[in-house]
Amino acid sequence: MVVSSDIGVKGFYKGKNIFITGGSGFVGICLLEKFLRCIPDHGDIYLLMRPKKGKDISERLEEIKKNQIFETVLKDKSIEQVFSKVKVIAGDVSQDNLGISPEDRRTLVDNINVIFHSAATLDFGDTLKTTVEINLLGTRKVAQLAKECRNLAVFIHVSSAYVDSWRTEADEVIYPLQKDPEELISLVNKLSPEELERETPKILGEHPNTYTITKHMAEHEIQKCQSLFPCTIVRPSMIVGAWKEPVPGWTISKNGPQGFLMGAAKGVVRRLPVAKELIYDYIPVDMVINTLINAGFNAGHTKNPTVAVYHATSSTRNPFKWMNVEDKLHDYLHKVPLSSAVWYPHLKFLPSITWYKISAIFVHFFPAIVLDTVATLSGGRPILMRLHRNVNASLDMLEKFIFSEWKFSAMKTMDLQDWLTKDDQTEFNMDISTLQWPTYFADLTLGARVYLNKDPIKTLKSARTRDNILLAIHLIWQAAIFSLGWFIFACLTGKTMYSSVFIIPVFFLLFNLL
C-alpha cells in the first residue's frame, strides 16, 4: 500500500491530542522532543507524571523543559512557544484508575486521539508484585482508559524484544502465553512477600526475570483490544543513546553501554564481563522513537484489525560485536576525558562473571577503599564501594543477557520503512543499515561525558591536562605495586633483589589476566 503524499506522518498526527505514559523517562522525553521539533501541528500533548515527595507535577515538567535534548528545538523558538501545548496529568500506572482524578480522566476521555504507553519498571530485580502492578495491571488500566476514549485513533504500546527471551530467534508476532495472567495476579495478591519470593523461580518458568514475564503478558492485554481500536506494539532491544537526533550521543539513561562508558570515563569502571564474539542487540533511541511514531501512523491510517508488532532491533539488520570496537575504546575515552575523573581510564573485557569478580577485588574494590577513604577524610561522600557492591550483586541477574545471543527478525519494520513516503523515510528514518558502530560509539562516549557526567565541551582542554597527570600517577602506582611485589618475593624466598628480578614479568603477566 502506498501512502498518499498529502497524508504522511505529519498529516496523520496533525491536530491530534496525544497521551504519553512514562513521559519523564528515556523514551518518553525523546518522543516528546521529536513531536515538538518535527510535528509542530500536533494537538495537546498530555504527560502522565507521578508526583514525587516535595515536588508537584508542574515542577517536574519544569525540570523536563531544562533537559539538554530540547536545545535544538529551542534555537528558533522560545520555551513558552515550544511547550505551549504540553500539559501534565498527575497519576501513577500502579494505582487504581491510574491515580488520575475524575476531572483529568474526563479531559483525557473527551480529547485523546493517540496513546503512547511506555511506562514500565525496567528493574530486573523488582519483585513480582511490583512488576505485575506496573507492567501488567498498569497496561490493563491504560487499555481501559483507551476503551473509554471517544475519539481514539491509535494505541501504541512499548514492549521489549526480550519478552520471548527463551527463544534465541524471535519473529514479529505475539507468542502464546506460558502462564495464565489471572493466576499470576491471584498469586501476587494471595501470597506473602516471603512466600512470593520463594515461589518466584517456579512461577517464572522459562522467563529469566519478572520483567520479561509481565511485559509478555502486557502484550496480550493489547491484543485483546485489537477489535476495539487500532493498536500496535513496538519491541525495542537494549535502548542506547541517539544515533543522529536531536544530537548524536544524547542520552539520559545509565543502562547498558552508556552507563559503563560513564563509569569508565571516571576511571572507576575498569573491567566488564563481555562475550566479545557474540552479537549484542543495541538500538539507538532515535530509531525507537521513529518506529513508535511510524507504527502508530500505519495502524491508525490503515485501521488494520490485527495488532502489528515491530522489532526496533539491530541484530539481523546491522549486528554489533564488542570485538569490533574493543581496540578503539581506549582512544574514545582519552579523546574526550572527564575533568572529574578520579583515576586514569582503562577499560578491559573479561570472558566470564567469575573472572570479573576475581579481577574486581584488585582493580575495583582495593582502589575503591583507597578513594573512599580519601573522600571521607576530605569531607566528601564515600560512594565507590557501594557502587561496586551493587554492580556485583546485579551481575548474576544479568548473566543470561550478557552471555546469550538473540536474533530478532525485523522484516515488518523494514517493510514499514518502505511503506512511508520518501520524505518520511528521511525525517522518520528506521533504517540502521548505514550506522557505523565505531563512529557511533565515539559519539556515545562524548554523549556520556556531556549528558550523564554533566561535563561540557568547554572543559576539554583542562580535562586533557588532568588526563595526562592521571596517566603519570597510574604509571607510578603500577611501578610501586610491582616493586613492592618484587621486594616481598625477594624477602620470602631469601633471594637478592637482583636475582629475583625475573618475578617482575611474571607479575606483569598475572596482572594482565586480571
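The values are calculated or read from the model by the stated rules, or taken from the named source; none is laboratory data. From a predicted model like this one, the values you see are computed outputs, not experimental measurements. All Cβ positions, even for glycine, are placed from backbone atoms using ideal geometry, and neighbour counts span all protein chains on display. These accessible areas exclude ligands, DNA and RNA; they are computed on the full protein's heavy atoms, side chains included. Shrake-Rupley method; radii C 1.70, N 1.55, O 1.52, S 1.80 Å.
For residue 216, the requirement of being open to solvent by 20 Å² or more (accessible area, probe 1.4 Å), more than 23 Å from residue 110 (Cβ to Cβ), outside any strand (DSSP E or B) and at pLDDT 95 or above is not met. In this structure, residue 35 does not qualify as assigned to a helix (DSSP H, G or I), open to solvent by less than 70 Å² (accessible area, probe 1.4 Å) and modelled with pLDDT under 95.
Would you check if residue 483 is touching a helix residue (DSSP H, G or I) at 6+ places or on another chain (Cβ under 8 Å) and farther than 29 Å from residue 255 by Cα? Against the criterion (touching a helix residue (DSSP H, G or I) at 6+ places or on another chain (Cβ under 8 Å) and farther than 29 Å from residue 255 by Cα), residue 483 does not qualify. Just wondering, is there one or more residues in region 129-149 that are closer than 23 Å to residue 312 by Cα, modelled with pLDDT of 95 or more and in contact with a Cys (Cβ under 7 Å, 6 or more places away or on another chain)? Looking through region 129-149, at least one residue is closer than 23 Å to residue 312 by Cα, modelled with pLDDT of 95 or more and in contact with a Cys (Cβ under 7 Å, 6 or more places away or on another chain).
Of the residues contained in region 321-332, none is found to be over 27 Å from residue 385 (Cα atoms), touching a Gly at 6+ places or on another chain (Cβ under 6 Å) and buried (at least 17 other Cβ atoms within 10 Å of the Cβ). Among the numbered conditions (1) surrounded by fewer than 18 Cβ atoms within 10 Å (Cβ to Cβ); (2) not in a helix (DSSP H, G or I), the only one that residue 182 does not meet is (2).
Could you please let me know if residue 93 is in a loop (DSSP other than H, G, I, E, B) and of a type in the set (Val, Ile, Thr)? For residue 93, the condition - in a loop (DSSP other than H, G, I, E, B) and of a type in the set (Val, Ile, Thr) - is met. Among residues of region 397-410 that are polar (S, T, N, Q), those with a Cβ under 8 angstrom from a residue that is part of a loop (DSSP other than H, G, I, E, B) and open to solvent by 60 Å² or more (accessible area, probe 1.4 Å), sequence gap 6+ or separate chain, pair up as 404/168; 409/171; 409/316. Close Cβ contacts (under 6 Å, 6 or more residues apart or on different chains) running from residues in region 237-262 that are free of Cβ contacts under 8 Å to residues at least 40 places away in the same chain to residues that are open to solvent by 10 Å² or more (accessible area, probe 1.4 Å) comprise 256/238.
Just name the residue that is nearest to residue 92 (Cα to Cα) out of those in region 16-28 that are in contact (Cβ under 8 Å) with a residue 60 or more places away in the chain and open to solvent by 10 Å² or more (accessible area, probe 1.4 Å). Taking the candidates together, the pick is 22. If a residue has to be modelled with pLDDT of 95 or more and within 18 Å of residue 281 (Cβ to Cβ) to count, how many in region 326-361 make the cut? Matching residues across region 326-361 total 0.
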